[in-house]
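Derivation of every value follows stated rules applied to the coordinates shown; laboratory data play no part. As the structure is a prediction and not an experimental result, all values here were calculated from the model. Methodologically, a virtual Cβ is constructed for each residue, glycine included, from the backbone with ideal geometry; neighbour enumeration extends over all protein chains shown.
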Amino acid sequence: MPTAEEKRLELPPVLGILAGGGALPCALIEACQKQGISPFVIAFKGQTDLQTPEGVEHLWVRLGKTGKVIDALRHKGIRDLVMLGHMRRPSLAELKPDLKTLEFFAKEGWKSLGDDGLLRALRRFLEREGFVIHGAQAFMPEFLAPEGQIGSIEPDDLQRCDVARGVEVLKALSDQDVGQAVIVQDGHVLGIEAAEGTDGLIQRCGGLQRKGRGGVLVKLCKDSQDLDLDLPTIGPHTIEMLAQAGLSGVAVHAGKSFVSAIDALRARADEAEVFVIGLDPESFEGAS
């Protein structure tokens, strides 16, 4: 097994970060700086948070300007890339694709690809261009969800049964390239994540709940998911959304999900009396 120093020597001196929205790209930038890695951020107009690239070398660009992105990375001598942060999937009309983007669509298609298929196709495209794609967890492993209870609120037997039902549903849908999340209340599936994303799912299902204990959100990797791309993510904002919707807890894939700002998340979950657990879907059991 490589030593910590050997692993450190394997890290690239410069890392290109294709940054979407949310807090994780900022966390990755900070992690790189602590490890002596120079980040170069590609920030996408209408997607990346405005504050994300502040203070580091960066380029703002529209999503459809693939040629400009590749030229900038090559000019900087960058071959190592991470894609991180949520992206709203635009229409072709919004993209206004350049020739390099059109080349990608000609090879891979567009409407036929689900979110995971599109990300895998993008990876293939970038690798053909000579880039190496890394998972953000290689640079910030401390952000991966631990297994077990996070915070002081423990799910009861009925809530654990709802989590187990959510795991069952997501396993069944794993090969269909739909969403990563489901909400269950008293064994009933209230909603499955679709194009609206997790926030939209929570908002949609809040009003569908029956009286009594709130439903639970379960968010997992798909069986065929590329672990270097688009790991499920929760953060304090997720807990705030759950509390506003009257949901009672969330379960995420341990070791295969990111937890952003875990201390703040834990504090908000305890305040809202919302449970948070990391689980292994292969070994998780319902009622204890």
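Using a 10 Å cut-off on Cβ atoms, rank the peptides 225-235, 147-157 from the highest mean neighbour count down.
225-235, 147-157
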Original post:
Using modelled backbone amide H atoms (1.01 Å from N, in-plane), which distant-in-sequence or interchain residues come within less than 5 Å of Q47's amide H?
Top reply: none
Original post:
Considering only G36, L11, A23, whose Cα is most displaced toward the positive end of the charge dipole of region 4-138, charges sitting on Cβ of Lys, Arg (+1) and Asp, Glu (-1)?
Top reply: A23
Original post:
Under 15 Å from a point 7 Å along the Cα-to-Cβ line of L50: which residues of region 14-40 have their amide N that close?
Top reply: 22
Original post:
If you place +1 on the Cβ of every Lys and Arg, -1 on the Cβ of every Asp and Glu, and leave all else neutral, what size is the dipole of region 139-288 about its Cα centre, to the nearest 20 Debye?
Top reply: 480 debye
**OP:** For region 135-213, state which trypsin sites (Lys or Arg not before Pro) are in a DSSP loop and have at most 14 other beta carbons lying within 10 Å of their beta carbon.
**Re:** R210, K211
Subject >> For the chain, Kirkwood radius (reciprocal of mean inverse C-alpha pair distance, Å) >> reply: 19.9 Å
Original post:
Out of Q149, G278, Q225, whose Cα points farthest toward the positive end of the dipole of the chain (charges: +1 Lys, Arg; -1 Asp, Glu; placed on Cβ)?
Top reply: Q225
Original post:
What are the GluC sites (Glu not before Pro) within region 235-288 that DSSP puts in a loop, where the Cβ has at most 11 other Cβ atoms within 10 Å?
Top reply: E282, E285
Original post:
Mind listing the Cα extents of region 4-138 along all three principal axes, in Å, largest one first?
Top reply: 44, 29, 27
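May I ask which of K45/K76; K65/K171; K76/K222; K34/K76 have a Cα-Cα span longer than 27 Å here?
The answer is K65/K171; K76/K222.
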Subject >> DSSP bridge orientation in the chain - percent antiparallel, rounded to nearest 5 >> reply: 30 percent
Original post:
What is the percent of Cα-Cα separations in region 144-279 that go past 21 Å?
Top reply: 32 percent
Subject >> Estimated translational D of region 191-237 in µm²/s (Stokes, Kirkwood radius over Cα pairs; 4 °C; 1.567 mPa s) >> reply: 104 µm²/s
